[in-house]
Amino acid sequence: MSAVRIERLVTFGQFTLDGGTWDVENNVWIVGDDHEAIVIDAAHDAEAIAAAVGDRRLTAIVCTHAHNDHIDAAPALAARTGAPMLLHADDLPLWKQTHPDRTPDGELADGQVLCVAGVELTVLHTPGHAPGAVCLYAPGPTALFSGDTLFAGGPGATGRSYSDFGTIVDSIRDRLLTLPGETVVHTGHGETTTVAAEAPHVQEWLDRGF
């Protein structure tokens, strides 16, 4: 049996919401072995993502939330590979802003377990950055895929539509900081961190009254 590995592909594009547009770099995470994989957040470049997956069977395209920069390449990747696109139902209004004529193929639910290459990834509903934001926790490789909920340096942004700071802090405190401190946090943008490293940063935000 081949070993499970976590691969990062950085793609480039734009994030658009509330009438503004910003250039962004996104992390696309590929989890699997030599035979099968899942993609977490199909951002910007379906061709590059498909090339990174290679000849492996793609079992799912998981969307941590439905901001356009995390889902814009998902339908093209799904069409190319036959893999289902999965999204939490609370983010359907955001999804429709980018893909009004194509719906996800399945819903993500809190506590749901996705399996790939012998690894179990548990869905954690972590609203705040977006209503249907989720993280994926894999105790086997001690990894958390946090989307835009938690970054190196603290919580994700909450200054735009569909977001709420109090909600994201509750999600991080109650769902993520309870995980083992050594858990490696694979973020939607930027570099990885750990749960232990982010605990004091979240506390700083709370102390400052944000």
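The values are calculated or read from the model by the stated rules, or taken from the named source; none is laboratory data. Quick caveat, the model's predicted, so the values are computed rather than measured. We place every Cβ from the backbone using ideal geometry, glycine too, and count neighbours over all the protein chains shown.
Which number in (1) in contact (Cβ under 8 Å) with a residue 12 or more places away in the chain; (2) within 21 Å of LYS96 (Cα to Cα) marks the one condition that GLY19 misses?
With respect to (1) in contact (Cβ under 8 Å) with a residue 12 or more places away in the chain; (2) within 21 Å of LYS96 (Cα to Cα), GLY19 is out only on (1).
Which ones in region 73-95 are among the aliphatic types (A, V, I, L, M) and either crowded, with 21+ Cβ neighbours inside 10 Å or touching a residue at least 24 places away in the same chain (Cβ under 8 Å) (or both)?
ALA73, ALA74, ALA76, LEU77, ALA78, ALA83, MET85, LEU86, LEU87, ALA89, LEU92, LEU94
Name the residue, out of VAL31, VAL53, that is closer than 15 Å to GLY188 by Cβ, of a type in the set (A, V, I, L, M, F, W, C) and either modelled with pLDDT of 95 or more or in contact with a Ser or Thr (Cβ under 7 Å, 6 or more places away or on another chain) (or both).
Going through VAL31, VAL53 in turn, the sole match is VAL31.
Pick from SER163, SER146, SER171: which is at pLDDT 95 or above, polar (S, T, N, Q), surrounded by 17 or more Cβ atoms within 10 Å (Cβ to Cβ) and closer than 16 Å to LEU206 by Cα?
SER171
So, in region 184-207, of the ones that are of a type in the set (Val, Ile, Thr) and farther than 15 Å from ALA133 by Cα, which residue ends up modelled with the lowest pLDDT?
Looking at the filtered set, the residue picked out is VAL202.
Cβ-Cβ under 6 Å, sequence separation 6+ or interchain: first residue in region 159-184 and in contact (Cβ under 8 Å) with a residue 12 or more places away in the chain, partner surrounded by fewer than 16 Cβ atoms within 10 Å (Cβ to Cβ) and of a type in the set (A, V, I, L, M). Which pairs?
Sorted first by the residue in region 159-184, then by its partner, the pairs are LEU177/ALA199; GLY181/ALA196.
On the basis of being farther than 20 Å from ILE30 by Cβ, surrounded by fewer than 16 Cβ atoms within 10 Å (Cβ to Cβ) and modelled with pLDDT of 95 or more, does GLY181 make the cut?
Considered against the rule, which asks whether it is farther than 20 Å from ILE30 by Cβ, surrounded by fewer than 16 Cβ atoms within 10 Å (Cβ to Cβ) and modelled with pLDDT of 95 or more, GLY181 comes out as yes.
Does THR98 satisfy the condition of being more than 17 Å from ALA143 (Cβ to Cβ), loosely packed, with under 15 Cβ neighbours inside 10 Å and among the hydroxyl-bearing types (Ser, Thr, Tyr)?
So THR98 does not fit the description; no.
I need every pair where a residue in region 124-145 that is within 18 Å of SER163 (Cβ to Cβ) has its Cβ under 9 Å from the Cβ of a residue that is assigned to a strand (DSSP E or B) and of a type in the set (Gly, Ala, Ser), sequence separation at least 6 or different chains.
THR126/SER146; THR126/GLY147; HIS129/GLY147; ALA130/GLY147; ALA133/GLY147; VAL134/GLY147; CYS135/SER146; CYS135/GLY147
Among the residues that make up region 48-61, is at least one of them farther than 21 Å from VAL4 by Cβ and out of contact with any Lys or Arg (no Cβ under 6 Å at 6 or more places or on another chain)?
yes
How about region 8-107: which helices (runs of 4 or more DSSP H) wholly inside it have at least 1 residues that are of a type in the set (Ser, Thr, Tyr) and over 21 Å from VAL134 (Cα atoms)?
Here the list reads 74-81.
Give region 40-78 a look and list any residue that's more than 11 Å from ILE30 (Cα to Cα) and among the aliphatic types (A, V, I, L, M), or say none.
Within region 40-78, ALA43, ALA46, ALA48, ALA51, ALA66, ILE71, ALA73, ALA74, ALA76, LEU77, ALA78 meet the criteria.
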